[in-house]
Amino acid sequence: MTEERNLLNANLSKMTEERDLLNANLKKIIEERDLLNANLTKLQCLFEPNKVCREGWQMFSCSCYFLSGKSGSWDKGSKDCRNKAADLVVIDSPEEQRFLEDFTKGQTWIGLNDRDNEGIWKWVDGTPLTLNYWDTNQPDNGGGVPKYGEEDCAHIRIHDLTSWNDISCASSLPWVCEKIP
């Protein structure tokens, strides 16, 4: 019976390892699917080139962008964008990052956070972070300084509009909405 128990434990251990490997592969497949869906949405605009943005929005590539005239928390910005049938901006190309550097002219919320899993940054549309513009030593989740608290939301920095920083989601900043017309 001891031999059978040991054999069953060995099989259980092997099955647990296989399950964990399958779960890791599934997670990668889901991330790839989300990225492909996001790219498909962007590609669809190539076949409908006559789309235009509403007044107050600016067109770049296949998306329309809106810069808020007010400030608020990351959640407030996200809610405002959703009320506009949009979402906080998802930056997925160097060209889009350069466009936003000129468009924002200051600290601005972007649609990136690690609220679900510390250190795992995801965009509001569920796509994983593949291209990034973090400033030196960022993200740092407050660097262990208690006054900063949890820093789970990303923004374009004011002193260097070419890079990002993580700060508290409760901070008050303007935001950029993005939508496909």
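Nothing in this text is a laboratory measurement; each read-out follows from the coordinates by a stated rule. Just so it is clear, the model here is predicted, and its values are computed rather than measured. Every residue, glycine as well, gets a Cβ built from its backbone with ideal geometry; the counts of neighbours run over all protein chains shown.
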List the lysines whose alpha-carbon lies under 27 Å from that of residue 84, not counting same-chain residues fewer than 8 positions away? 42, 51, 70, 76, 105, 122, 179
Give the residue from 9, 23, 89 lying farthest towards the positive end of the charge dipole for the chain; charges sit on Cβ (+1 for Lys and Arg, -1 for Asp and Glu) and the dipole is referred to the Cα centre. 89
List the residues whose amide H sits under 5 Å from the amide H of residue 134, counting only those 5 or more places along or on another chain, with H placed 1.01 Å from N in the peptide plane. 164
Could you list 125, 75 in order of exposure, starting from the residue whose Cβ has the fewest other Cβ atoms within 10 Å? 75, 125
Restricting to DSSP H runs of at least four residues, report the calculated mean residue ellipticity at 222 nm for the chain, -39500 (n - 2.57) per run over all residues, nearest 500 deg cm²/dmol. -12500 deg cm²/dmol
Rounded to whole Hz and in sequence order, give me ³J(HN,Hα) for the stretch 170-181 from the Karplus expression 6.51 cos²θ - 1.76 cosθ + 1.60, θ = phi - 60°, writing x for Gly and Pro. 7, 4, 9, 9, x, 9, 10, 9, 9, 8, 8, x
Around residue 71, which amide H atoms from residues at least 5 apart in sequence, or from another chain, sit under 5 Å from its own amide H, with H modelled in the peptide plane? none
For the chain, longest principal axis from Cα atoms; helix 2-44 axis from its Cα atoms; angle between them, nearest 10 degrees, is 20
Just to check I understand the Karplus step: with θ = phi - 60° and J = 6.51 cos²θ - 1.76 cosθ + 1.60, what whole-Hz values come out for the stretch 58-75, glycine and proline as x? 10, 7, 8, 6, 10, 10, 10, 10, 10, 9, 5, x, 9, 10, x, 5, 4, 5
What is the dipole size for the chain, taken about its Cα centre, with +1 at each Lys and Arg Cβ and -1 at each Asp and Glu Cβ, in debye to the nearest 20? 640
In a Gaussian network model of the chain with springs linking alpha carbons closer than 10 Å, the residue among 22, 100, 36 that fluctuates most is 22
